[in-house]
Every structure is written in C-alpha cells, then in structure tokens.
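What follows is a single structure, written as structure tokens, with notes after it.
The values are calculated or read from the model by the stated rules, or taken from the named source; none is laboratory data. Treat the numbers as computed from the prediction; the structure is a model and nothing was measured. Quick reminder, even Gly has a Cβ in these numbers, built from the backbone with ideal geometry, and neighbours come from all protein chains shown. To get the accessible areas, we keep the full protein, side chains included, count just its heavy atoms, and leave off ligands, DNA and RNA. Shrake-Rupley method; radii C 1.70, N 1.55, O 1.52, S 1.80 Å.
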2 protein chains.
Amino acid sequence: VTYCIAIRLDEGLVFLADTRTNAGVDNVGTYRKLHVISPAPDRLFVLESAGNLATTQEVLHRIDRDLAAPGDGPNLATVAHLFEAALYIGALSREVAASHEGAFGNRRDATATFVLGGQVGDGKADVLLVYPEGNYIRASDERPFLQIGESKYGKFLLEVGVHAEVDMVTALKVALSSMVSTARANLSVGPPYDIGIYLNGTHHLEEFRVNAGSPALERLQEFWSNRLRDAMDELPPISPADFSADAH
Amino acid sequence: VTYCIAIRLDEGLVFLADTRTNAGVDNVGTYRKLHVISPAPDRLFVLESAGNLATTQEVLHRIDRDLAAPGDGPNLATVAHLFEAALYIGALSREVAASHEGAFGNRRDATATFVLGGQVGDGKADVLLVYPEGNYIRASDERPFLQIGESKYGKFLLEVGVHAEVDMVTALKVALSSMVSTARANLSVGPPYDIGIYLNGTHHLEEFRVNAGSPALERLQEFWSNRLRDAMDELPPISPADFSADAH
C-alpha cells in the first residue's frame with residue numbers, strides 16, 4: 001500500500017513518504033509518492049499520494065499539462081491560495097477516477113487520496129488532506145499532522161511526539177520512527193523513504209532519501225526495540241484488587 | 001468496532017476483549033464479546049467475536065440450542081478436537097450470515113469473525129481464528145497471539161512483548177497495554193474490558209473485568225505515556241550523512 005506523513009510545525013513543514021507499491025506480491029515496485037511542484041518563484045507545492053497508482057500518475061500529468069498549456073481553468077501557477085490548489089487537485093482526482101471506474105466495476109478502486117502541503121506567496125504554510133470526493137481538510141491545531149495509506153500502526157507515536165512547537169529535526173525523527181514501526185508491521189510499506197523539509201517563507205523544499213540499511217534507520221529501529229523491551233520488563237504491577245471478579 | 005486478543009503461552013491461554021459496540025455514534029452500547037462455553041467437565045471453549053453483532057448473537061444462540069437439543073450434527077459437547085469446534089462454529093457463522101445478507105445488499109456486512117480458544121480433553125490448548133468463510137487458522141508458533149477487530153494500532157506491542165515462554169501475568173499486562181493504546185487511538189474501542197485466564201489442563205476459565213478508571217488501567221496508561229515521552233527526548237541523532245540528497 002503506502003504510508004505518507006505530513007507535519008505542520010511553527011518553523012515549517014516536514015514530509016515523509018515510503019516508495020513501495022504493489023498490485024499483488026508478484027508486482028511489487030518502487031515509485032515516488034512525494035512529488036514537488038514549483039511552478040513559480042512565489043510558491044511551492046508538495047503532493048503525497050495514496051490509492052490507485054494509475055490515477056495518481058494521471059493527476060500529476062494533468063497538473064503538468066495545465067501548467068505547460070494554461071486554459072481557462074485554474075492551474076498551480078495561478079491559484080491565489082493553498083486551499084484553491086487543494087480544490088483544483090481534488091477536481092482532477094475525481095475526474096480521472098471517474099473516467100476509469102466504469103472499467104473497474106466493483107473489483108477494484110480507481111480513487112486516490114492526496115496530501116497537499118506548501119505555501120502560496122505569503123499565505124500560511126499548511127498541509128491539507130484531499131479526499132477522493134474532491135474536498136479537503138487541514139491538519140488540526142492540536143494534532144498538526146496528516147497521514148494517508150497505512151496510517152493506524154504508526155499513529156500512536158505521532159500523537160505522543162508531535163506538537164506545533166517541536167523542532168523540525170525532532171519531528172523528522174518521530175516521523176521516521178512512525179514509518180519504521182509501520183514497515184515492521186506491514187509488508188506493503190517499505191524503504192527507500194523520501195523526506196521533504198520546508199522552512200516557512202523559503203518557497204523551496206530540501207529533499208533527502210533514506211535507503212534500506214541506512215545507519216539512521218538502523219539506529220532508530222534498535223532504539224525502539226530496546227526501549228520497548230526495557231519497558232516490558234518494567235510494566236507496573238497488577239493485582240486482583242484492580243479487577244472485579246463478577247464479570248457477568 | 002471491537003478489539004479482542006487471544007494469546008497462547010506455554011502455561012495456558014490469555015484472553016482480553018473490549019465491550020464497546022456501535023451502530024453509529026447515537027447507538028453506542030456495551031456488550032460482552034468474550035463468551036465462555038463449558039458444555040462438559042472435560043472441555044472448555046472461549047469465544048471472542050467481531051463483526052456483525054446480530055450474527056454473533058445468533059451464532060451463540062444456535063450453539064446453545066444444539067447443546068440443549070442435540071441433533072445428528074456436531075455440537076460443542078461432542079466434538080473430539082478443538083479444530084472440529086472451529087469448523088462447527090465457522091459453519092454456523094456462514095449459515096447465519098447467509099440467512100440475512102439478502103436483506104443487507106451492499107449497504108452493510110452481515111459476517112462475523114471469531115477467535116476460538118480452549119481445550120478439549122487432553123488435546124493441546126490452543127487459539128484459532130475462525131474466518132467468515134468458515135475456515136480457520138491457529139496462532140503461529142513465532143507470534144503466538146491472535147487479534148480480531150481494530151488490530152492494527154496495538155499489534156506492535158504484542159509483537160515485541162509476547163512469546164510462548166512469557167509468564168501469564170506479563171502477557172496480560174502486555175495485552176492490556178495493547179488494548180489501552182488502541183482505545184486511545186480509536187473511539188470505537190473502550191472499557192470495560194473482559195479478561196479470561198486459562199491454565200492448561202484445568203478446563204476452567206478464571207474471569208475478571210476491568211472497568212474504566214481502574215487503577216491498573218491508569219497505571220498502564222501513565223507508564224506508557226511517560227515511557228514514550230522520555231524516549232522522544234532521547235531519540236538517536238540523525239545527520240546529513242544518513243541521507244542521500246539525490247532524491248530523484
């Protein structure tokens with residue numbers, strides 16, 4: 001499947017995405033799911049994608065086509081606000097999925113879900129989740145992160161470790177921890193992982209890739225294994241007084 | 001939804017189930033999902049249920065009816081092996097779901113999934129997952145636990161903390177930790193929690209209930225919050241050397 005994270009901090013934005021795709025165990029591939037679109041000096045967009053791979057690719061191609069040959073409709077060079085970019089991408093996503101779903105019947109799902117992050121002009125940098133239906137929500141102030149794909153395994157670490165005031169390196173470490181524990185639990189998520197770091201006001205994304213076997217990943221995996229094993233040895237006592245025996 | 005755990009240890013079996021059910025936020029209820037069936041002195045069955053609540057209840061009623069008025073078919077007093085009990089329950093489950101699914105159409109799912117644990121005579125005590133299709137698998141030797149319902153959030157703790165040689169109290173603490181972190185992440189899982197402890201060869205289940213606000217639950221919640229927060233402060237360093245900048 002996929003696992004992508006986007007975090008909104010006071011300083012900027014952090015993005016992390018795996019690269020594994022599969023259409024059955026015989027057809028496991030590696031595709032970027034973190035895409036950077038930089039159509040003008042005053043704006044930067046980061047798009048993370050989950051769901052039908054063909055749909056996400058066609059949406060990206062249509063975004064590029066609209067930039068190369070602008071028509072009457074919106075495109076990413078002309079939208080005035082980040083939410084307008086989300087609605088534009090949502091409309092493309094619906095259109096592409098609808099154009100193929102007749103051929104799919106009930107057997108498979110042609111829809112895709114996106115996380116859109118970035119900044120337009122001096123508007124607020126933000127991260128938005130774009131639903132297959134074409135509408136969107138922004139990450140909440142209390143839990144300033146979004147996840148798409150296999151989000152359940154790694155949600156707990158993000159909830160404990162991420163707040164708006166956290167610095168960007170710590171947020172990246174927490175995101176990588178969440179990614180590593182998800183990949184351990186679910187074979188359909190795996191390295192290499194793509195990282196994007198955005199500092200507010202720069203309109204530029206720093207991109208990195210972490211490969212399987214990277215020392216950083218191995219340190220994190222070992223750290224969490226040791227920490228959890230130590231914790232298991234020190235779990236607080238339970239006693240019969242904690243329970244009621246009348247279970248019925 | 002539901003979250004149920006069953007663990008097979010060298011000493012015996014540990015069961016843990018939440019009690020929350022919902023059919024929409026207006027209709028949240030509390031129902032036992034851990035059921036004990038003790039149809040003869042030489043055998044004990046524990047049934048945990050997830051999925052359509054009406055189907056799980058009708059399956060339990062049919063089990064009782066077959067015990068009260070045995071026919072030509074199998075029942076839980078006569079099966080010679082635990083796997084035969086699983087196949088019997090699987091057949092009931094398919095029958096009940098099939099009898100209602102015409103009325104459901106595609107709108108909802110009439111199927112149920114069960115975990116069956118226990119011991120028949122001096123056969124091996126075991127835990128089996130009974131699929132809606134009526135077949136079953138046993139917990140693996142490497143990861144001797146089964147989960148049904150909202151299993152993803154709490155899988156990591158079970159994987160780290162549970163092996164066959166773990167003692168039963170530790171296994172129960174790990175199971176409660178997994179339950180507490182699931183309930184924190186997902187509103188559809190919640191207390192009270194039902195606990196069953198089975199010592200090999202006894203053909204008797206010790207049952208307990210943990211209520212919301214129990215000191216044991218509060219100690220576990222606080223323990224994990226503190227441990228994770230401490231860990232976040234001590235995450236191993238990452239450096240540019242861990243990454244490759246050529247992300248494309």
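Observations, loosely collected:
- Selection status of A:T21, of a type in the set (V, I, T), open to solvent by less than 60 Å² (accessible area, probe 1.4 Å), at pLDDT below 95 and over 15 Å from A:T111 (Cβ atoms): yes
- Among the strands (runs of 3 or more DSSP E) confined to segment A:1-63, the ones with at least 1 residues that are under 18 Å from A:K173 (Cα atoms) and touching a Pro at 6+ places or on another chain (Cβ under 9 Å) are located at A:3-8.
- Qualifying residue in segment B:33-44 (condition: at pLDDT below 95 and either within 16 Å of the chain's Cα centre (by Cα) or of a type in the set (A, V, I, L, M, F, W, C) (or both)): yes
- Filter result (modelled with pLDDT of 90 or more and either more than 29 Å from the chain's Cα centre (by Cα) or not aromatic (F, W, Y) (or both)) within segment B:218-232: B:E218, B:R219, B:L220, B:E222, B:N226, B:R227, B:D230, B:A231
- Residue pairs whose Cβ atoms lie under 8 Å apart, sitting 6 or more positions apart in sequence or on different chains, and linking a residue in segment A:28-52 that is surrounded by fewer than 17 Cβ atoms within 10 Å (Cβ to Cβ) to a partner that is assigned to a strand (DSSP E or B) and among the hydroxyl-bearing types (S, T, Y), are A:V28/A:T21; A:G29/A:T21; A:T30/A:T21; A:Y31/A:T21.
- Residue count for segment A:90-120 satisfying the condition of being without any contact (Cβ under 8 Å) to a residue 40 or more places away in the chain, outside any helix (DSSP H, G or I) and of a type in the set (G, A, S): 1.
- If you go through segment A:233-248 and keep only what is of a type outside the set (G, A, S) and assigned to a loop (DSSP other than H, G, I, E, B), you end up with A:E234, A:L235, A:P236, A:P237, A:I238, A:F243, A:D246, A:H248.
- The residue that is farthest from B:A171 (Cα to Cα), among those in segment A:190-202 that are in contact with a Lys or Arg (Cβ under 6 Å, 6 or more places away or on another chain) and more than 7 Å from every other protein chain (Cβ to nearest Cβ), is A:P192.
- Selected residue (criterion: most open to solvent (accessible area, probe 1.4 Å)) from residues of segment A:75-94 that are within 17 Å of A:E58 (Cα to Cα) and touching a Phe, Trp or Tyr at 6+ places or on another chain (Cβ under 8 Å): A:L87
- Summed over segment B:116-156, residues that are farther than 15 Å from B:F15 by Cα, among the hydrophobic types (A, V, I, L, M, F, W, C) and either within 12 Å of the chain's Cα centre (by Cα) or more than 14 Å from chain A (Cβ to nearest Cβ) (or both) total 3.
- For segment A:205-248, a residue qualifies if it is among the aliphatic types (A, V, I, L, M) and facing chain B (nearest Cβ under 7 Å), and the qualifying residues are A:V210, A:A216, A:L220, A:L228, A:A231, A:M232, A:L235, A:I238, A:A245, A:A247.
- Looking across segment B:95-120, the residues that are crowded, with 18+ Cβ neighbours inside 10 Å and of a type outside the set (F, W, Y) come down to B:V96, B:A97, B:A110, B:T111, B:A112, B:T113, B:V115, B:L116, B:G117, B:G118, B:Q119, B:V120.
- In segment B:152-195, the residue that is farthest from A:Q147 (Cα to Cα) out of those that are in contact with a strand residue (DSSP E or B) (Cβ under 7 Å, 6 or more places away or on another chain) and of a type in the set (S, T, Y) is B:Y193.
- Looking across segment A:164-183, just one residue is among the charged types (D, E, K, R) and within 7 Å of chain B (Cβ to nearest Cβ), and that is A:K173.
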